[in-house]
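**Q** Submitted below is the structure of interest, expressed as structure tokens.
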Amino acid sequence: MTRPLLFGLALLAILSNAAAGKSVLMLLQNANTAERFTSFVDGLSAAGFTVDIKGYKDSGLKLREYGTWLYDHLILFAPKAEGFGGSIDQQTILDFVDSGHNVLLGVNSDVSETMRSLAAEFGVDLDDRGTKVYDHFQSATLDGKEDPTLIAASDLVDAPVIVGGPYKEPILFRGVAAVVSPDSELATVVLSAPATAYSHDPKKSMLEPPSLMAGAAASLITAVQARNNARMVVSGSVEMFSNSFLAATVTAGGKSTATANKDFVNTLTRWTFQDRGVLVASNMRHHLLGSEDQPWGYRVNDDVEFLVDVMEVEGGESKPYKADDVQVEFIMLNPYVRQPLAHDGAGTFSLRFKVPDVYGVFKYVVDYSHRGYSYIKLTHQVPVRPFKHNEYERFLVCAYPYYASALSMMAGFFVLGFYFLYTK
Amino acid sequence: MLAEIVKAFSDEYKKTPVRVKVLDAFLVYALATAAVQFAYMLLVGTFPFNAFLAGFLSCVGFFALTVCLRMQVDPANKEFSGISPERAFADYCLANLVLHLVVWNYMG
């Protein structure tokens, strides 16, 4: 009686799991301003996301209920929010990220302390409140108004998986700059300011000597991929996601062009929400050359082959991953072997190598972190044993003198024994 | 001068009991075999290294054990007066057994 019910529940759980990964909570300054982002939201819906739009002060806000996350991704387009309604606070958002969920944070120069500290938690230091990115050398004109704070940026990171492209049109940006610590391993500057742009608050006097965040040192958009593969993107401009920027015709450098914002923000958001650049490694296996079975372990100097399948998942479809920089290590405290894996174009990466002449407990390690792709960290333990007692070659012609000498020593011992026993 | 030394040595050596002289002959034999093997290894190469080690060490081990026996049965050596030659020989036999067991194990 209860069995069909349980089965039904299990099926439901599986189905809801399969559908997971696509629900987005979007928090705006005010739910009424949702129509400013319709084009952006439509792009997300077309990519299969269900977007729930709410104001940040909404008293019914919930990210987590009874220990279960209600959403997979979070968009924070509320730069001025000092706190949130409902049960959301900074710690909740950090827990959300810690459990592998993704956050897209858009701010502007009115950024609140809450948003600044959240960005700082992600490893991105936003410039002071009130500062803006200016570019007086290549100011762009939008709707007939020339505006030095309107940046037509095109200095994208060389990682097509994050940014898409290549784009002919510039990307429009208006907002606040950020700095990323140069030794940060997890953060990537996706879009940096043009060489002539700088970040400054016009209401304050310039420091002497001026310490400006300028050029490539000023990050407009920063992507962070945490060690648990959760992704966070901090954009200094929330406007660049708005309809007016997505559909804008901008005049920059004397030319009138459309903007690349639409494709760019769509690609960037899909990357943020794990819809692009996700690597799935599976079916790690290894065997002796000439045998298909995976052995329990190896003998020193064996010739072996290591294989692993790596697929790249994009938009729910997996296709073979192709790269020449995936490497495998064969480690016993030190990597005795560290070699790049060759791929066959169908997602199988392999390496043939000779097991070192050292015995002990070894590990295969594939530790792959390529900018824009989720990390691969695989380990597998393999013992390597020395030759067995009966595996040495024997009855070798060139070793006969040694056999003979050992035999003669035994004979000598017998003769000596006889002599000792039978003479006085 | 050298001739005098050799003569003094051989005169002295003639006083050694025959039994000890025989032991000395075996010592020379073991050393010679070890030397021949070493020369062969230099000529042919170290390839069956375990076999070389086994053959070489069987000679060296036999030499060492026989030296021990010689010390214990030499009547001129008073240090081992408490040990009878029969007891010394029994020890020698046991040690040789172990030695050759190891040697053949290692021979491969």
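**Q** Could you list, in sequence order, the residues of region A:353-396 that are acidic (Asp, Glu), under 30 Å from B:Asn105 (Cβ atoms) and outside any loop (DSSP other than H, G, I, E, B)?
**A** The one that is acidic (Asp, Glu), under 30 Å from B:Asn105 (Cβ atoms) and outside any loop (DSSP other than H, G, I, E, B): A:Glu391.
**Q** Moving on. Evaluate the following for A:Lys262: is it basic (Lys, Arg) and not in a strand (DSSP E or B)? So that I can check it myself, show each step before the final result.
**A** Numbers: basic (Lys, Arg): yes; not in a strand (DSSP E or B): yes.
Against the criterion (basic (Lys, Arg) and not in a strand (DSSP E or B)), A:Lys262 qualifies.
**Q** Looking only at region A:336-345, how many residues end up being part of a loop (DSSP other than H, G, I, E, B) and either outside the structural domain of A:Val310 (by the TED database) or open to solvent by less than 60 Å² (accessible area, probe 1.4 Å) (or both)?
**A** Quick first cut of region A:336-345, residues part of a loop (DSSP other than H, G, I, E, B) only: A:341, A:344-345.
Among the residues that remain, those that are also either outside the structural domain of A:Val310 (by the TED database) or open to solvent by less than 60 Å² (accessible area, probe 1.4 Å) (or both) are: A:341, A:345.
Summing the residues that are part of a loop (DSSP other than H, G, I, E, B) and either outside the structural domain of A:Val310 (by the TED database) or open to solvent by less than 60 Å² (accessible area, probe 1.4 Å) (or both) in region A:336-345 gives 2.
**Q** Right, next: Does region A:408-417 contain at least one residue that is aromatic (Phe, Trp, Tyr) and open to solvent by less than 60 Å² (accessible area, probe 1.4 Å)?
**A** Restricting attention to region A:408-417, the residues satisfying the condition of being aromatic (Phe, Trp, Tyr) are A:413-414.
Checking the rest, the ones that are also open to solvent by less than 60 Å² (accessible area, probe 1.4 Å) come to A:413.
Yes: region A:408-417 contains one or more residues that are aromatic (Phe, Trp, Tyr) and open to solvent by less than 60 Å² (accessible area, probe 1.4 Å).
**Q** Answer yes or no: is there a residue in region A:307-318 that is in contact (Cβ under 8 Å) with a residue 60 or more places away in the chain, assigned to a loop (DSSP other than H, G, I, E, B) and open to solvent by 30 Å² or more (accessible area, probe 1.4 Å).
**A** Quick first cut of region A:307-318, residues in contact (Cβ under 8 Å) with a residue 60 or more places away in the chain only: A:308, A:310, A:312, A:315-316.
With the extra rule that they be assigned to a loop (DSSP other than H, G, I, E, B), the set shrinks to A:315-316.
Cutting the leftovers down to open to solvent by 30 Å² or more (accessible area, probe 1.4 Å) gives us A:315-316.
Among the residues of region A:307-318, at least one is in contact (Cβ under 8 Å) with a residue 60 or more places away in the chain, assigned to a loop (DSSP other than H, G, I, E, B) and open to solvent by 30 Å² or more (accessible area, probe 1.4 Å), which makes the answer yes.
**Q** If B:Tyr29 satisfies all but one of (1) at pLDDT below 90; (2) in contact with a Gly (Cβ under 8 Å, 6 or more places away or on another chain), what's the number of the condition it fails?
**A** Unmet condition: (1).
**Q** Would you check if there is a residue in region A:330-347 being within 14 Å of another protein chain (Cβ to nearest Cβ) and without any contact (Cβ under 8 Å) to a residue 60 or more places away in the chain?
**A** Just the residues of region A:330-347 that are within 14 Å of another protein chain (Cβ to nearest Cβ), to begin with: none.
Looking for residues that are within 14 Å of another protein chain (Cβ to nearest Cβ) and without any contact (Cβ under 8 Å) to a residue 60 or more places away in the chain, one finds none in region A:330-347, hence no.
**Q** How many residues, within region A:73-108, are modelled with pLDDT under 90 and in contact with a Lys or Arg (Cβ under 6 Å, 6 or more places away or on another chain)?
**A** Adding up the residues that qualify gives 3.
**Q** Right, next: If we keep just the residues of region B:63-96 that are open to solvent by 30 Å² or more (accessible area, probe 1.4 Å) and among the aromatic types (Phe, Trp, Tyr), which is farthest from the other protein chains (Cβ to nearest Cβ)?
**A** It comes out as B:Phe80.
**Q** Name every residue in region B:13-35 that is under 26 Å from A:Lys424 (Cα atoms), within 11 Å of chain A (Cβ to nearest Cβ), in contact (Cβ under 8 Å) with a residue 24 or more places away in the chain and touching a helix residue (DSSP H, G or I) at 6+ places or on another chain (Cβ under 8 Å), in order of residue number.
**A** Selection gives B:Arg19, B:Leu23, B:Phe26, B:Leu27, B:Ala30.
**Q** Further question on the same structure: Only one of A:Arg299, A:Arg352 is open to solvent by 70 Å² or more (accessible area, probe 1.4 Å) and either among the charged types (D, E, K, R) or closer than 30 Å to A:Ile162 by Cβ (or both); which?
**A** Selected residue: A:Arg352, the only one of A:Arg299, A:Arg352 that is open to solvent by 70 Å² or more (accessible area, probe 1.4 Å) and either among the charged types (D, E, K, R) or closer than 30 Å to A:Ile162 by Cβ (or both).
**Q** From the list A:Lys363, A:Lys377, A:Lys354, exactly one residue is within 20 Å of the chain's Cα centre (by Cα) and in the same structural domain as A:Trp296 (by the TED database). Which is it?
**A** Answer to the check: A:Lys377.
**Q** Applying the selection to region A:78-102, what residues are on the phi > 0 side of the Ramachandran plot and in contact (Cβ under 8 Å) with a residue 40 or more places away in the chain? Can you show your working first?
**A** Here is the first cut: in region A:78-102, the residues on the phi > 0 side of the Ramachandran plot are A:86, A:100.
Listed by number, the list holds a single entry, A:Gly100.
**Q** Let me ask you something else. Go through region A:381-407 and report how many residues are in contact (Cβ under 8 Å) with a residue 24 or more places away in the chain and either at the interface with another protein chain (Cβ under 7 Å from one of its Cβ atoms) or open to solvent by less than 30 Å² (accessible area, probe 1.4 Å) (or both).
**A** The qualifying residues number 2.
**Q** Hey, could you check region B:36-62 for residues that are farther than 20 Å from A:Glu393 by Cα and within 9 Å of another protein chain (Cβ to nearest Cβ) and say which is surrounded by the fewest Cβ atoms within 10 Å (Cβ to Cβ)?
**A** Among those residues, the one meeting the criterion is B:Val36.
**Q** Same structure, new question: Of all residues in region A:205-259, count the ones that are among the hydroxyl-bearing types (Ser, Thr, Tyr), open to solvent by 10 Å² or more (accessible area, probe 1.4 Å) and outside any strand (DSSP E or B).
**A** 4
The values are calculated or read from the model by the stated rules, or taken from the named source; none is laboratory data. It should be emphasised that the depicted structure is a prediction, and the values quoted were computed from it without experimental measurement. With ideal geometry, Cβ positions are generated from the backbone for all residues, glycine too; neighbour counts draw on all protein chains shown. For accessibility, only protein heavy atoms count, side chains too; no ligands or nucleic acids. Shrake-Rupley method; radii C 1.70, N 1.55, O 1.52, S 1.80 Å.
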